[in-house]
Every structure is written in C-alpha cells, then in structure tokens.
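Visitor: I am attaching a structure below and will ask some questions about it afterwards.
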Amino acid sequence: MLKPKAISQVLKQATTGGVKATLLLNSEGSPLAFISDSDRDARVYAAIASNIWSTFEKNGKNLMRDDNLKFLLVECEKGNVAITTVSNMLLCLVAKPEVELGILKAKTDALARHLEEPFQRMTTYTQT
Amino acid sequence: MGKSGSGKTSMRSIIFHNYVARDTRRLGATIDVENSRVRFLGNLVLNLWDCGGQETFMENYFAAQRDHIFRNVEVLIYVFDVESREIEKDMHYYQDCLEAILANSKDAKIFCLIHKMDLVQEELRTAIFDERLHELEKRSEPLKITAFATSIWDETLYKAWSSIVHSLIPNVRELESQLQNFATICEADEVMLFERTTFLVISHSSRIECSDIHRFEKISNYMKQFKLSCSKFQAQFKSMEIRQANFAAFFDVLTANTYVMVIMSDSSVESAATQMNINVARKHFEKLEVTHMPR
Ligand SMILES: Nc1nc2c(ncn2[C@@H]2O[C@H](COP(=O)(O)OP(=O)(O)O)[C@@H](O)[C@H]2O)c(=O)[nH]1
Ligand SMILES: [Mg+2]
C-alpha cells in the first residue's frame, strides 16, 4: 500500500537545487503525491506531462515495435521537464532553466530507481 | 422467528429489500406458516419463519418438520412484539423453539429482538427492555442470549442487525485488526466495512473520535437509498467520492461481500492515492474473506 506521507518525504528530497516540482502520477495522469510551491501549478504540470507522455507513447508504438518509451526530456522557455515511468506510474520533475538537462536526468533516474521496487510490488496486487 | 404480526416481514423488507419503513404498512399479514429465504454475506442463508395464524396448524407443522427446520442453524433470531397481549403464550412458543435448537443445533447463537419499541413511551423503554431481557434470560437457560430493543422507525433496527452480522463472521477480530492496519497506512480518520446487500456495518476502525454515535446506521440508510435511486436509472452503484472543505469520503466495492468507506480529513492526501490503496487492499481482503466468511 501507499503511505502518502512517506511518498511525499521521498519526493521532497528530490525537490532541491533548482527543481521546482516533483510529481508522482497514476496511469491516468492523476497525482498520487507531489511537492510543489503551488497546488495549482502542480495540477497543471500533471495534466500536461501525462498528456505529452501518452501522446508520444501512443504514436511511437507502431514505430518502435516492442521498445517502450522510457524517458522524456522537454526543454521549455521557463524551465526543463523530465518524465519517466515507475512501474505503471509516471514520475515528473520540473526544474528551473539553469538546471542542466544532464543533472535533471540523473536525478530523475535515481529517484525512479529508488521507487521502482516497492511500486512494482504494489502493482502486482492491483491487477485483478 | 416470532409470532404473526411481530414485525418479521417488515424487518426483512427493510434490511434485505430496500424498503423504507413507511412501505411496510402495505405488506400483507402472514397467515399460517410462511417461510422465505434471503442470501447474504455470500453463502449465508437467512431463513425466515413466520409462525402465525392457526395454532393447531402451527403445532402440527412444527411437530412434523422440527428436525428439518432446526438442523444446521447458525443463528436464531426471535422477534417479540413489545405490545403483545399474550406474553405467556409468546414465551411458550419461544421455549419450544429453544428446545428444538438445543436438540438440533446446540451451538446456534440466539438473538432476541424486543420489537416495536417506538410504541413504548420513551422514558419507559429502558425499564421495559430490562424487564423483558431478565425474563428471557431466565427462560432461556441453559442457553445464552443477546437481546436488542428495536423499531423500524429509528436506527435501532440497523444496530441490532449489524451486531448479528458481526457475530456471524468467524474470526472477526482478524478482520478488525486488518482494517485497523489499512486505516493506519492510508492515514484515514475512519474506515468502515459494510455488508454488500444490506449495507449493514460489519466492522469499523476509527483513528479519530467522531461525536455522532449513530453515524453507522445513518450511513447504512443513506447508502441504501442512494443505491436504490441508482437502480431506478438502470445503473449499478459501484463507488463514489465526496469531497468537502474539511474531509473526503470514499465509498467503494471491496470484496464480493463488502463495501468499504474511507474517511480522510488530511487534504494533502490525493484522491488517487486513497483510491489506489483501496485497489491494493482489495486482493488482501478478498483472501481474508475466502478463508473466514461463513460457508
Ligand atoms: N410501530 C411499529 N410497527 C411495526 C414495527 N415493525 C413492524 N410494524 C408493523 O407491524 C405490522 C405487522 O408486521 P409484519 O412485518 O407483517 O409482521 P410479521 O407477521 O412478523 O411478518 C405491520 O403493519 C408493520 O408496519 C415497528 O417497529 N414499530
Ligand atoms: Mg410476515
């Protein structure tokens, strides 16, 4: 099961050094937990991130055959965004423009690795 | 069981068939012997015997069918009309039943409902109930009984039936402790488990005290009404979420026999997280149910 406070603690640790928001989304794009200065912003990030992800994934399916989408890095005017999967969920980090893409990717990967195992175990229980 | 007119059909209609109390006045009186069955908690069959009308018929019937009727009884629920003018006779029938139970299903749990309490003046209710309880306990020896004062016009009926359902679940302690764990992990204020066809509360776990002691019966009632409204639109009720400024309530199917309700006052916990927890818990409680529910 998901301990909401514990998840938030982990996400908080990643929300440093220019990272503005860290979000964990379910497969439908609804936030399970997030850290952000603004609730409103976080929900907007969640909607956009999950939308971008599912669009790429859908359109890429035919092209990439069995190879699944693993990571998205989006460079925007006012910041950079990293999106990846944790089990069947999405992890999304939103950072200020001065945070380099490399460090953003490394941070996202590290966090995803940390969350992967427990979430994998949980998903096996969710399947009906 | 219970004498004709004591309120059995009314109770059954309210608890098992989504009637509202007002409608029970339209029910026809039961003549002779009426037997009806309802299935709930998965495999449990509630067998309702209306012992009404002509006494000779009754006595013959019972003499002939006694062993058949009283075999494999898990629970006997006997309904007494508090306003009955023939208490002595009621007791006589009751003791007949007990004898048959003792002979055929000696481990059966026995519940006595002192019914139609609404007809008794409020300030006399406790005294009258205590008096009847005392009498019943004496007459029931060596069997132990549990008694409730009930009325179809208030929450007492749900309360009594919840206790009955609760007592029918073997290893209910285990279920309770698992529910407690679930509440703790979810960070919920309160978690309640409802029987699926009746919406009776089976068990609950509260981490924050709530001042309304009648809330379970009220919720049972509301949810049943809501489910009924859904079916009028040919829709099957499955789940709902209510969110207000200071709390969120989730109501969802948990297992084949139960619904769960989760109350959260911590607004920083996202809906999706709670829903996911309910999803994850489903399998676990399903397993618990398979091993512990009555067969
Ligand atoms: N005042 C009052 N009337 C009740 C109550 N329960 C049932 N009745 C009424 O008692 C009558 C007989 O009830 P019924 O369910 O047919 O009794 P049965 O013969 O035991 O099945 C009906 O008119 C009901 O409306 C109760 O709690 N209070
Ligand atoms: Mg009847």
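The values are calculated or read from the model by the stated rules, or taken from the named source; none is laboratory data. Every value quoted in this text rests on a predicted model; they were computed, and no experiment measured them. When we count neighbours, we look across all protein chains shown, and the Cβ atoms used for this are built from the backbone with ideal geometry, even at glycine. The protein model used for the area step is the full one, side chains on, heavy atoms only, and it has no ligands, DNA or RNA in it. Shrake-Rupley method; radii C 1.70, N 1.55, O 1.52, S 1.80 Å.
Visitor: Looking at region B:275-289, which of its residues are at the interface with chain A (Cβ under 7 Å from one of its Cβ atoms) and under 26 Å from the mean Cα position of the chain (by Cα)?
Guide: Answer for region B:275-289, where residues must be at the interface with chain A (Cβ under 7 Å from one of its Cβ atoms) and under 26 Å from the mean Cα position of the chain (by Cα): B:281, B:283.
Visitor: What's the number of the only condition in (1) free of Cβ contacts under 8 Å to residues at least 24 places away in the same chain; (2) over 20 Å from the mean Cα position of the chain (by Cα); (3) closer than 30 Å to residue B:275 by Cα that residue B:122 fails to meet?
Guide: Only one criterion in (1) free of Cβ contacts under 8 Å to residues at least 24 places away in the same chain; (2) over 20 Å from the mean Cα position of the chain (by Cα); (3) closer than 30 Å to residue B:275 by Cα is unmet by residue B:122, namely (3).
Visitor: Here are some conditions: (1) over 12 Å from the mean Cα position of the chain (by Cα); (2) within 13 Å of chain B (Cβ to nearest Cβ); (3) part of a strand (DSSP E or B). Residue A:32 meets all but one. Which one does it not meet?
Guide: (1)
Visitor: Return a yes/no flag: does region B:240-258 have any residue that is out of contact with any Gly (no Cβ under 6 Å at 6 or more places or on another chain), exposed (fewer than 13 other Cβ atoms within 10 Å of the Cβ), part of a strand (DSSP E or B) and of a type in the set (D, E, K, R).
Guide: Looking for residues that are out of contact with any Gly (no Cβ under 6 Å at 6 or more places or on another chain), exposed (fewer than 13 other Cβ atoms within 10 Å of the Cβ), part of a strand (DSSP E or B) and of a type in the set (D, E, K, R), one finds at least one in region B:240-258, hence yes.
Visitor: Out of the residues in region B:188-217 meeting the condition of being more than 18 Å from the chain's Cα centre (by Cα) and open to solvent by less than 30 Å² (accessible area, probe 1.4 Å), tell me which one is nearest to the other protein chains (Cβ to nearest Cβ). Reasoning before the result, please.
Guide: Narrowing region B:188-217 to residues more than 18 Å from the chain's Cα centre (by Cα): B:188-191, B:205-212.
From what is left, the residues that are open to solvent by less than 30 Å² (accessible area, probe 1.4 Å) are B:188-191, B:205.
Working: B:188: 10, B:189: 13, B:190: 16, B:191: 12, B:205: 14 Å.
Looking at residues that are more than 18 Å from the chain's Cα centre (by Cα) and open to solvent by less than 30 Å² (accessible area, probe 1.4 Å), I get B:188.
Visitor: Can you tell me which residue among B:203, B:220 is touching a His at 6+ places or on another chain (Cβ under 8 Å), of a type in the set (Ser, Thr, Tyr) and in the same structural domain as residue B:286 (by the TED database)? Lay out the reasoning, then the answer.
Guide: Details: B:220 fails: touching a His at 6+ places or on another chain (Cβ under 8 Å).
Answer to the check: B:203.
Visitor: From A:78, A:58, grab the single residue that is in contact with a Pro (Cβ under 9 Å, 6 or more places away or on another chain) and modelled with pLDDT under 90. I'd like the intermediate steps shown before the answer.
Guide: Values: A:58 fails: in contact with a Pro (Cβ under 9 Å, 6 or more places away or on another chain).
Answer to the selection: A:78.
Visitor: Can you tell me how many residues in region A:1-29 are at the interface with chain B (Cβ under 8 Å from one of its Cβ atoms), assigned to a helix (DSSP H, G or I) and free of Cβ contacts under 8 Å to residues at least 24 places away in the same chain?
Guide: Adding up the residues that qualify gives 1.
Visitor: Are any residues in region B:264-274 crowded, with 22+ Cβ neighbours inside 10 Å and either within 18 Å of residue A:26 (Cα to Cα) or more than 14 Å from chain A (Cβ to nearest Cβ) (or both), and if so, which ones?
Guide: If we filter region B:264-274 for residues that are crowded, with 22+ Cβ neighbours inside 10 Å, which is where we start, we get B:264, B:269-270, B:273-274.
B:269, B:270, B:273, B:274 - these are the residues of region B:264-274 that are crowded, with 22+ Cβ neighbours inside 10 Å and either within 18 Å of residue A:26 (Cα to Cα) or more than 14 Å from chain A (Cβ to nearest Cβ) (or both).
Visitor: So for region A:67-82 (the condition being open to solvent by 10 Å² or more (accessible area, probe 1.4 Å), in a helix (DSSP H, G or I), at negative phi and β-branched (Val, Ile, Thr)), does at least one residue qualify? Outline the logic, then answer.
Guide: First, pick out the residues of region A:67-82 that are open to solvent by 10 Å² or more (accessible area, probe 1.4 Å): A:67-78, A:81.
Applying the additional criterion that residues be in a helix (DSSP H, G or I) yields none.
No, because not a single residue in region A:67-82 is open to solvent by 10 Å² or more (accessible area, probe 1.4 Å), in a helix (DSSP H, G or I), at negative phi and β-branched (Val, Ile, Thr).
Visitor: Which one is surrounded by the fewest Cβ atoms within 10 Å (Cβ to Cβ) among residues in region B:85-132 that are within 15 Å of ligand 1 (Cβ to nearest atom) and β-branched (Val, Ile, Thr)?
Guide: Ranking the qualifying residues of region B:85-132, first place goes to B:128.
Visitor: Of the residues that sit in region A:85-120 and are small (Gly, Ala, Ser) and not in a helix (DSSP H, G or I), which one is modelled with the highest pLDDT? First the steps, then the outcome.
Guide: Of the residues in region A:85-120, the ones small (Gly, Ala, Ser) are A:87, A:95, A:102, A:106, A:110, A:112.
Those left that are additionally not in a helix (DSSP H, G or I): A:87, A:95.
On the way: A:87: 89, A:95: 95.
Checked region A:85-120; the qualifying residue modelled with the highest pLDDT is A:95.
Visitor: May I ask you to verify whether residue B:205 is in contact (Cβ under 8 Å) with a residue 12 or more places away in the chain and either closer than 20 Å to residue A:2 by Cβ or part of a helix (DSSP H, G or I) (or both)?
Guide: Details: in contact (Cβ under 8 Å) with a residue 12 or more places away in the chain: yes; either closer than 20 Å to residue A:2 by Cβ or part of a helix (DSSP H, G or I) (or both): yes.
Judged against the criteria, residue B:205 is a match.
Residue by residue, here is whether (1) of a type in the set (A, V, I, L, M); (2) closer than 28 Å to residue B:255 by Cβ holds:
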residue	(1), (2)
B:116	no, no
B:137	no, no
B:152	yes, no
B:157	yes, yes
B:161	no, yes
B:173	no, yes
B:183	yes, yes
